[in-house]
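Input: a single structure, listed below in structure tokens.
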Amino acid sequence: MPEPIVEIKNLSVYFYTYAGVVKAIEDVSFDIYRGETLALVGETGCGKSVTSRAITKLIESPGKIVNGQVIYHRDDGSTVDLLKLSDEEIREIRGNEIAYIFQDPHSSLDPLYTVGYQIGEAMEVHGKVRNIKEGIAKAVNILREVLIPDPENRVKNYPHELSGGMKQRVVIGIGVANNPRLLIADEPTTALDVTVQAQILELLNELKRKYNATVLLITHNLGVVAETAQRVVVMYAGKVVEIGTVDQIFHNPLHPYTAALLRAVPNPLGKIEKLESIPGTVPNLITPPKGCRFHPRCPFAEERCRKEVPKLKEIEPGHFVACHRY
């Protein structure tokens with residue numbers, strides 16, 4: 001069996017809003033194996049980003065982690081539940097051993113500081129350099145690694161002086177500055193054009209190989225998944241509905257939602273008469289449907305689906321699905 005670096009068990013996060021309690025994710029469980037790229041896939045609002053942020057307790061008010069464990073396996077073989085650590089203890093891990101690449105580089109970077117300062121600060125905070133001057137000097141090499149031209153001068157630039165693709169490279173540079181064991185990339189190509197998307201994905205793959213890192217890639221783009229990931233976790237309305245390898249998910253999707261997602265992707269080699277869509281709308285997570293949350297949109301829904309929550313079952317080695325049909 002592959003060795004996990006993080007085990008997420010029965011994780012639930014609620015947001016206590018004026019309109020009611022939003023059950024953003026409920027009983028989410030999956031493992032992230034050492035050295036792999038795991039893709040977290042689903043529609044907007046299904047809980048992908050909330051899950052990734054909950055791993056290091058990055059849930060702000062009115063959100064609250066109400067249940068679950070995040071078991072982190074250290075290099076020395078010991079384990080720790082990240083959700084039980086104090087704020088000071090989790091800060092030593094966050095940005096150091098577990099780092100993030102957020103989806104919007106415009107809001108991730110501080111407009112008042114140069115990009116070199118921001119990369120250097122990430123290293124100084126975790127004691128990787130003696131002072132900010134040394135951090136800025138090392139930032140030149142990091143900018144070179146993320147393929148920013150003329151890094152000696154770019155290190156002095158402010159975020160507004162860079163293009164969107166360059167800003168995303170800087171954010172990736174901040175993420176890898178401390179050589180993290182787990183890199184969480186939250187839709188890193190969303191705001192970029194197709195050519196730059198391909199460059200960023202290739203860069204992430206190259207940095208993963210160089211730093212021997214594990215990557216949790218959050219995306220709704222199945223083309224990105226096929227290109228970069230080894231395993232896939234499919235989420236719908238705050239629940240995990242299917243887990244499997246890329247081959248299992250693409251060639252033998254078990255959950256009706258996964259199959260519908262794949263049918264909605266146009267095939268450039270095939271003749272397309274009509275694009276398929278998933279009927280209905282994403283449910284309100286303040287009052288989610290009882291039973292299987294996908295049943296109002298599912299063509300195979302039965303009475304049992306409307307009453308009973310399906311549990312994840314292993315149908316073949318490494319391939320899990322939460323569906324009463326199995």
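Looking only at segment 129-140, decide whether some residue is in contact (Cβ under 8 Å) with a residue 24 or more places away in the chain, closer than 19 Å to Asn178 by Cβ, in a loop (DSSP other than H, G, I, E, B) and touching a Gly at 6+ places or on another chain (Cβ under 8 Å).
No, segment 129-140 has no match at all.
Only residues that are under 18 Å from Asn96 (Cα atoms), surrounded by 14 or more Cβ atoms within 10 Å (Cβ to Cβ) and touching a strand residue (DSSP E or B) at 6+ places or on another chain (Cβ under 7 Å): list them for segment 60-86, please.
Across segment 60-86, the qualifying residues are Val70, Ile71, Tyr72, His73, Val80, Leu82, Leu83.
Considering each residue of segment 209-229, count those that are more than 14 Å from the chain's Cα centre (by Cα) and under 24 Å from Asn10 (Cβ atoms), and give that number.
The total comes to 0.
Test Thr44 against the criterion of being touching a strand residue (DSSP E or B) at 6+ places or on another chain (Cβ under 6 Å) and within 19 Å of Pro188 (Cα to Cα), and give yes or no.
So Thr44 does not fit the description; no.
Checking Gly318 against (1) of a type in the set (Gly, Ala, Ser); (2) more than 24 Å from the chain's Cα centre (by Cα); (3) farther than 12 Å from Lys239 by Cα, which test does it fail?
Checking Gly318 against (1) of a type in the set (Gly, Ala, Ser); (2) more than 24 Å from the chain's Cα centre (by Cα); (3) farther than 12 Å from Lys239 by Cα, the one that fails is (2).
So, in segment 142-181, exactly how many residues are of a type in the set (Gly, Ala, Ser), in contact (Cβ under 8 Å) with a residue 12 or more places away in the chain and surrounded by fewer than 18 Cβ atoms within 10 Å (Cβ to Cβ)?
Narrowing segment 142-181 to residues of a type in the set (Gly, Ala, Ser): 163-165, 173, 175, 177.
Subset that is in contact (Cβ under 8 Å) with a residue 12 or more places away in the chain: 164-165, 173, 175, 177.
This time we only want the ones that are surrounded by fewer than 18 Cβ atoms within 10 Å (Cβ to Cβ), so: 164.
Final tally of qualifying residues: 1.
Can you confirm whether Asp104 is under 30 Å from Leu162 (Cα atoms) and at pLDDT below 95?
Answer is yes for this residue.
So, in segment 119-128, of the ones that are free of Cβ contacts under 8 Å to residues at least 40 places away in the same chain and assigned to a helix (DSSP H, G or I), which residue ends up nearest to Arg144 (Cα to Cα)? Before the answer, list the steps.
First, the residues of segment 119-128 that are free of Cβ contacts under 8 Å to residues at least 40 places away in the same chain: 120-121, 124-125, 127.
Of the ones still in play, those that are also assigned to a helix (DSSP H, G or I) are 120-121, 124-125.
Values: Gly120: 14, Glu121: 18, Glu124: 19, Val125: 22 Å.
Only one residue fits best here, namely Gly120.
Of all the strands (runs of 3 or more DSSP E) wholly in segment 50-118, which have at least 2 residues that are in contact with an Asp or Glu (Cβ under 6 Å, 6 or more places away or on another chain) and within 20 Å of Val28 (Cα to Cα)?
63-73
Of the numbered conditions (1) touching a Ser or Thr at 6+ places or on another chain (Cβ under 9 Å); (2) within 17 Å of Val13 (Cβ to Cβ); (3) not basic (Lys, Arg), Glu36 fails exactly one; give the number of that condition.
(2)
Please tell me if Gln118 is surrounded by 21 or more Cβ atoms within 10 Å (Cβ to Cβ) and either over 26 Å from Ala237 (Cα atoms) or not small (Gly, Ala, Ser) (or both).
yes
I need the full set of residues from segment 182-227 which are more than 18 Å from Gly165 (Cβ to Cβ), surrounded by 19 or more Cβ atoms within 10 Å (Cβ to Cβ) and charged (D, E, K, R), in order please.
Listed by number, the list holds a single entry, Lys208.
Going through segment 172-192 one residue at a time, which ones are within 18 Å of Ile132 (Cα to Cα) and either in a helix (DSSP H, G or I) or of a type in the set (Ser, Thr, Tyr) (or both)?
Scanning segment 172-192 gives Gly173, Ile174, Gly175, Val176.
Could you figure out which of (1) hydrophobic (A, V, I, L, M, F, W, C); (2) at pLDDT 95 or above; (3) out of contact with any Leu (no Cβ under 9 Å at 6 or more places or on another chain) isn't true of Ala122?
(2)
Counting just the residues of segment 88-111 that are without any contact (Cβ under 8 Å) to a residue 24 or more places away in the chain and not basic (Lys, Arg), which one comes out nearest to Val6 (Cα to Cα)?
Of everything passing the filter in segment 88-111, Glu89 is nearest to Val6 (Cα to Cα).
The values are calculated or read from the model by the stated rules, or taken from the named source; none is laboratory data. Just so you know, these numbers come straight off a predicted model, no measurement behind them. For neighbour counting, all protein chains shown are included, and Cβ atoms are generated from backbone atoms with ideal geometry for every residue, glycine included.
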